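K.L.:
Encoded as structure tokens, here's the structure I'll be asking about.
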């Protein structure tokens, strides 16, 4: 019982930590590719000391290399698409659309893992997608940039789900620090390559922007994602994802405080519909013991 309470406390800390990147991205005067590169690279450096304890067994994980590379690709472009969306649409719209990723995880599970989805599951997908479409509809009058931002947020959600589906089978086969280091470091190399061929700026930023790079790697990645990945090893994954649905609420509140960014009044019912669909899908098996 004490262990469970400890994990729940860490999960709350992880939720708060993962609610800040939208703010940091807005304050960083850099290309989305550059932001994604620095976030992953610096996060890998933070995790490196913990991963060093497992490097001596690196050969034991060679069979997992294809999955690590694939997951790194998904993670790298998830960060890019999401960071780019935040530059084009509102924090609220981007975060609510990205928050639908548990639904895409369910769909990808059906296609790639041959998992079954119930009628309630299909209904939850329909409700969540309806909410996403409503949010996109609200942005029609704001110009093509907002719609593109919504689309990128949707792609980011699918990529995040693909990353989770790819990594699900290795959860008990590789230590968490080594898994996180491998993903962040390989993702940073992929993003660096894309940055170089794209010719985006990689240096000579303001002190504020460098500080945002550092904070993004430290708070949402090293602290937030590490704690969430830790919690998944003790609590059912869908319960962790359910907690993450609070992230858009926290981040939208922060955006209001810092940027005075108030969502359209119709955003709230649309967001509620979208999140209701996600909650409906995740809560179907709520209370069942997670499989080892």
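The values are calculated or read from the model by the stated rules, or taken from the named source; none is laboratory data. From a predicted model like this one, the values you see are computed outputs, not experimental measurements. Every residue, glycine as well, gets a Cβ built from its backbone with ideal geometry; the counts of neighbours run over all protein chains shown.
K.L.:
Which one of these does residue 19 not meet: (1) within 16 Å of the chain's Cα centre (by Cα); (2) part of a helix (DSSP H, G or I); (3) within 18 Å of residue 228 (Cα to Cα); (4) modelled with pLDDT under 90?
P.N.:
Of (1) within 16 Å of the chain's Cα centre (by Cα); (2) part of a helix (DSSP H, G or I); (3) within 18 Å of residue 228 (Cα to Cα); (4) modelled with pLDDT under 90, only one is false for residue 19: (2).
K.L.:
Could you tell me which residue of region 169-178 is nearest to residue 37 (Cα to Cα), considering only residues that are at pLDDT below 85 and either surrounded by 20 or more Cβ atoms within 10 Å (Cβ to Cβ) or touching a helix residue (DSSP H, G or I) at 6+ places or on another chain (Cβ under 8 Å) (or both)?
P.N.:
Only one residue tops the list, namely 176.
K.L.:
Also, I was wondering about something else. In region 148-168, how many residues are out of contact with any helix residue (DSSP H, G or I) (no Cβ under 6 Å at 6 or more places or on another chain) and at pLDDT below 85?
P.N.:
1
K.L.:
It is to be established whether one or more residues within region 30-39 are part of a helix (DSSP H, G or I), at pLDDT 85 or above and more than 20 Å from residue 219 (Cα to Cα).
P.N.:
no
Yes/no matrix, rows are residues, columns are (1) surrounded by fewer than 21 Cβ atoms within 10 Å (Cβ to Cβ); (2) in a helix (DSSP H, G or I):
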residue: 137; (1), (2): yes, yes
residue: 147; (1), (2): yes, yes
residue: 151; (1), (2): yes, yes
residue: 156; (1), (2): no, yes
residue: 166; (1), (2): no, yes
residue: 185; (1), (2): yes, yes
residue: 190; (1), (2): yes, yes
residue: 202; (1), (2): yes, no
residue: 211; (1), (2): yes, yes
